[in-house]
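K.L.:
A single structure is presented below for examination.
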Amino acid sequence: MAERLQKILSARGVASRRKAEELILAGRVSFNGRVATLGDTADPDTDVITVDGKTLPAANANVYIMLNKPQGVVSATTDNIHTTVIDLINDFKYLDLFPVGRLDIDTEGLLLITNDGALSHNLLSPKKHVDKTYFLKTNNSLTSDDMKRIEEGVYLDNELTLPAKIEKVSEYEYLLTIHEGKFHQVKRMIEAVGKSVTYLKRVSFGPLVLDNNLPLGKYRFLTEE
Ligand code: URA
């Protein structure tokens, strides 16, 4: 059934209706290969609609975004005080996007943003032990004994952490891979050996590795693969 283009664009999460009208007026929307004008109608099931040359996502499409989270931004969908990671995403505002898990406000790096609840549930499930690798700086050098303790497990909330992997990058810099996601886990693991984290960045999450050329605060859509 034919509908106004701005209605289709907002239903597909591209922009609010008003913004969609602006996109049409700016000549950025086409359907079936011709530039749309305000008032045009299209059939979302059969017409090919593009915005800036990109085809609209299907209705109910799942969207997967890799964000390089900066410090000072909270891993939430709404917040009264701080900018949220969702505020940083300028596309698909109406798709109920949310972050998969959390990074602390002062942690940077890889955060997956999606509207796919099942995937999020799987990635966060404690049973799945998805690997997470963090680059961190400490206030003091970790001794080889500290590193051994971190790898073998330290007590957090009366529970031993799962075996982890820590690698020295330079005197105060390390790469730590953990397989669970307890509250402030990395910071508390380092505190458990009497040192503290002065900088923390997640560099990988499961099979996803943070792009080296993705600036802080920027994001990209994940490919099908
Ligand atoms: N561990 C932490 O302590 N903080 C994070 O943000 C992520 C892991």
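K.L.:
Go through (1) within 16 Å of the ligand (Cβ to nearest atom); (2) within 27 Å of I65 (Cα to Cα); (3) open to solvent by less than 50 Å² (accessible area, probe 1.4 Å) for V193 and report which single condition fails.
P.N.:
Result: V193 passes all but (2).
K.L.:
Follow-up question, since we're still on this one. Which ones in region 168-187 are over 27 Å from L119 (Cα atoms) and either part of a strand (DSSP E or B) or touching a Leu at 6+ places or on another chain (Cβ under 9 Å) (or both)? Step through it out loud before you land on a result.
P.N.:
First pass over region 168-187, keeping only residues over 27 Å from L119 (Cα atoms): 168-174.
Within region 168-187, K168, V169, S170, Y172, E173, Y174 qualify.
K.L.:
On to the next question. Please indicate, with yes or no, whether at least one residue in region 201-208 is part of a loop (DSSP other than H, G, I, E, B), within 9 Å of the ligand (Cβ to nearest atom) and modelled with pLDDT of 95 or more.
P.N.:
No.
Every residue, every condition in (1) at pLDDT 95 or above; (2) within 16 Å of the ligand (Cβ to nearest atom), yes or no:
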position: D104; (1), (2): yes, yes
position: D116; (1), (2): no, no
position: L124; (1), (2): no, yes
position: K127; (1), (2): no, no
position: F135; (1), (2): yes, yes
position: R149; (1), (2): yes, no
position: Y155; (1), (2): yes, yes
position: A164; (1), (2): yes, yes
position: K168; (1), (2): yes, no
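K.L.:
Another question, if that's okay. Being touching a residue at least 24 places away in the same chain (Cβ under 8 Å), exposed (fewer than 14 other Cβ atoms within 10 Å of the Cβ) and closer than 29 Å to G117 by Cα narrows it down to one of N90, N68, N62, N80, so name that one.
P.N.:
Sole residue among the options that is touching a residue at least 24 places away in the same chain (Cβ under 8 Å), exposed (fewer than 14 other Cβ atoms within 10 Å of the Cβ) and closer than 29 Å to G117 by Cα: N62.
K.L.:
To continue, here is another question. Within region 209-225, which residues are closer than 20 Å to D116 by Cβ, open to solvent by 40 Å² or more (accessible area, probe 1.4 Å) and under 15 Å from the mean Cα position of the chain (by Cα)?
P.N.:
Answer for region 209-225, where residues must be closer than 20 Å to D116 by Cβ, open to solvent by 40 Å² or more (accessible area, probe 1.4 Å) and under 15 Å from the mean Cα position of the chain (by Cα): V209, Y219, R220, F221, L222, T223.
K.L.:
If you go through region 170-189 one residue at a time, how many are in contact (Cβ under 8 Å) with a residue 40 or more places away in the chain, more than 7 Å from the ligand (Cβ to nearest atom) and among the hydrophobic types (A, V, I, L, M, F, W, C)?
P.N.:
Total satisfying the criteria: 3.
K.L.:
If you scan region 17-43, which residues turn out to be open to solvent by less than 30 Å² (accessible area, probe 1.4 Å) and part of a loop (DSSP other than H, G, I, E, B)?
P.N.:
Residues of region 17-43 that are open to solvent by less than 30 Å² (accessible area, probe 1.4 Å), as a first pass: 20, 23-24, 29-31, 36, 40, 42.
A36, D40 - these are the residues of region 17-43 that are open to solvent by less than 30 Å² (accessible area, probe 1.4 Å) and part of a loop (DSSP other than H, G, I, E, B).
K.L.:
Can I ask one more? Considering I113, I150, which residue is among the hydrophobic types (A, V, I, L, M, F, W, C) and closer than 30 Å to A59 by Cβ?
P.N.:
After applying the criteria, what remains is I113.
K.L.:
Scan region 50-59 residue by residue and report those that are surrounded by 15 or more Cβ atoms within 10 Å (Cβ to Cβ) and among the polar types (S, T, N, Q).
P.N.:
Let us first name the residues in region 50-59 that are surrounded by 15 or more Cβ atoms within 10 Å (Cβ to Cβ), namely 50-51, 56-57.
Result: T50, single match.
The values are calculated or read from the model by the stated rules, or taken from the named source; none is laboratory data. This structure is a prediction, so every number in the text was calculated from the model and none was measured. Cβ atoms come from the backbone with ideal geometry, glycine included; neighbour counts cover every protein chain shown. Side chains included, ligands, DNA and RNA excluded: accessible areas come from the protein's heavy atoms. Shrake-Rupley method; radii C 1.70, N 1.55, O 1.52, S 1.80 Å.
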